[in-house]
Amino acid sequence: MKSYLAPAFLIVAVLQPLAGTLAPVFGIGTPIGNATRNLGAPEQPPPVFFSIWAIIFSAFLVFALLLFRKREPWMMRVGAPLALAGLGNILWMLSAQLIASRIVDFFLLIPILAASWMAAARFDRLRGLGGSPAKLIADMTTGLLAGWLLVATAISAPLLIRSLTTLGPTDYPWQMLWTTLCIAFFGAWMFARYVSRSLWFFAALAWGLIGIVENNWAITGMGWLAIMTGVTGSLVLALRLFRGADGTGIPA
């Protein structure tokens, strides 16, 4: 299996940014994000905030090239669940364009999130064992991916609720936003307590929260929701910075 991991990982890294081009480039299916754009939903960051995927995909590709070249044991251990997360991302993007079901999209996120957290946990066990450019890239890749997938899961929960009910995008805005924030904050606590000490995770989470603040302050006009998100998000980030994290609770 190890002999196939490096080339398979590289293929996944190359295909990830290409998987989302079916609709915008080839006109096949629905472009990703069209289903939630301009709905006025309070929990959705503006489209520009999803550009973080360009950073994640780039870091993923750099790590794939390093893995293909060096194939060190620790890289294999981190790369295995990371490759599964990347493969899941490809399947999610294909589903989002070809099936365009919010229900399917939400449940596809769960195993991707789990795989990314497993990769972050495996890397967390390496902290204190010496640094290298490869480890910096691995930390960045696993942390950003795990953090942004938590954001993606949290903002998808209200979409799932609306898909299963007759609620519209602007119905019960406080409750929908709190649903998103509770998932994000509980996930952040779980990650810091049991998974990893990565600050990259919280950088991705903070980016998502800033997007929600921007959405409600400048787009939906619901300023109190923006203030609530900013205050509670700052509290969670401050707790991580000043209290620290435990990490490595998931067996590698």
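What is the Cα centroid distance between the stretch 167-227 and the stretch 65-84, reported in whole angstrom?
31 Å
I'd like the orientation of helix 73-98 relative to the chain: the angle between its Cα long axis and the longest Cα principal axis, in ° from 0 to 90, rounded to 10.
Its long axis makes an angle of about 30 degrees.
Could you check the spin-label model distance between TRP224 and ILE103? Points 7 Å from the Cα along Cα→Cβ, value in nm.
About 3.4 nm, to one decimal.
Rounding to the nearest 10 and keeping the result within 0 to 90°, find how far the Cα-based axis of helix 2-19 lies from the longest principal axis of the chain.
30 degrees
In the neighborhood of GLY244, defined by Cβ-to-Cβ distances under 11 Å, what is the net charge if each Lys or Arg adds +1 and each Asp or Glu adds -1? Mind showing how you got there, number by number?
Numbers: positive: ARG193, ARG197, ARG240, ARG243; negative: ASP246.
In short, +3.
Taking only protein heavy atoms into account and a 1.4 Å probe, give the accessible area per residue of the chain in Å².
Spelled out: the 1.4 Å probe surface of the chain, per residue, equals 47 Å².
Fully extended, how many nm does the chain gain between LEU235 and VAL25 (0.36 nm per residue separation, minus their Cα-Cα distance)?
Values: separation 210, 0.36 × 210 = 75.60 nm, distance 4.15 nm.
Between LEU235 and VAL25, full extension yields an extra 71.5 nm.
Can you check what the net charge comes to around MET176, using other residues whose Cβ is under 10 Å from the Cβ of MET176 (Lys, Arg +1; Asp, Glu -1)? Could the numbers behind the result be given before it?
On the way: positive: ARG162; negative: GLU43, ASP171.
With Lys, Arg at +1 and Asp, Glu at -1, the net is -1.
With N set to the number of residues, divide the alpha-carbon radius of gyration of the chain by 2.2 N^0.38 Å and report two decimals.
Rounded to two decimals, the normalised Rg is 1.00.
With all protein chains present, how much of the accessible area of the chain (probe radius 1.4 Å) comes from carbon and sulfur, to the nearest whole percent?
Values: 8430 of 11810 Å².
After summing per-atom areas, the C and S share lands at 71 percent.
Taking the Cβ-Cβ separation of ARG243 and SER132 as r and a Förster radius of 30 Å, what is the calculated FRET efficiency to the nearest 0.05?
Details: r = 28 Å, r/R0 = 0.95.
Once the sixth-power term is evaluated, E becomes 0.60.
The values are calculated or read from the model by the stated rules, or taken from the named source; none is laboratory data. These numbers were taken from a predicted model, which means no experiment stands behind them. Positions of Cβ are backbone-derived with ideal geometry, glycine not excepted, and every protein chain shown enters the neighbour counts. Just the protein is used for accessible areas: all its heavy atoms, side chains included, with ligands, DNA and RNA removed. Shrake-Rupley method; radii C 1.70, N 1.55, O 1.52, S 1.80 Å.
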